[in-house]
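Down below is the structure, laid out as structure tokens.
Every number here is computed from the coordinates shown, using simple stated rules; none is lab data. What you see is a predicted model; the values in this text were computed from it and never measured. FYI the Cβ positions are ideal-geometry reconstructions off the backbone, even for glycines, and counts take in every protein chain you see.
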Amino acid sequence: MTVTINTSLQNRQADSVGSDLDLGFIDIYDGTQPGANDSPAGTLLASCPLAADAYAAAVAGVTSKNGAITGTAVANGTAQYAQQRNAGNTRWM
């Protein structure tokens with residue numbers, strides 16, 4: 001059986017994730033990307049704080065970052081992966 005999700009629900013889901021990440025962070029690491037439930041691996045290279053309205057309203061099931069992403073480098077290295085965490089410091093992606 002195939003399940004199809006309409007655009008309205010896709011937009012609601014994308015908006016929910018976007019709002020959950022408001023005031024959170026995007027952390028950039030070197031090293032090997034860990035599994036979804038594992039702690040970050042490698043060296044933290046930069047941390048980028050997100051605004052209170054970090055993501056725009058979803059259109060066609062897709063949300064986009066509002067404004068520029070800026071951060072502070074804390075170490076040298078080659079970026080290999082990023083993780084997003086919410087304001088409560090829970091990793092989401």
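Yes/no per residue for (1) of a type in the set (D, E, K, R); (2) not in a strand (DSSP E or B):
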site	(1), (2)
ASP27	yes, no
GLY31	no, yes
ASP38	yes, yes
ALA57	no, yes
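Of note, THR63 does not satisfy the criterion of being of a type in the set (Ser, Thr, Tyr) and out of contact with any helix residue (DSSP H, G or I) (no Cβ under 9 Å at 6 or more places or on another chain).
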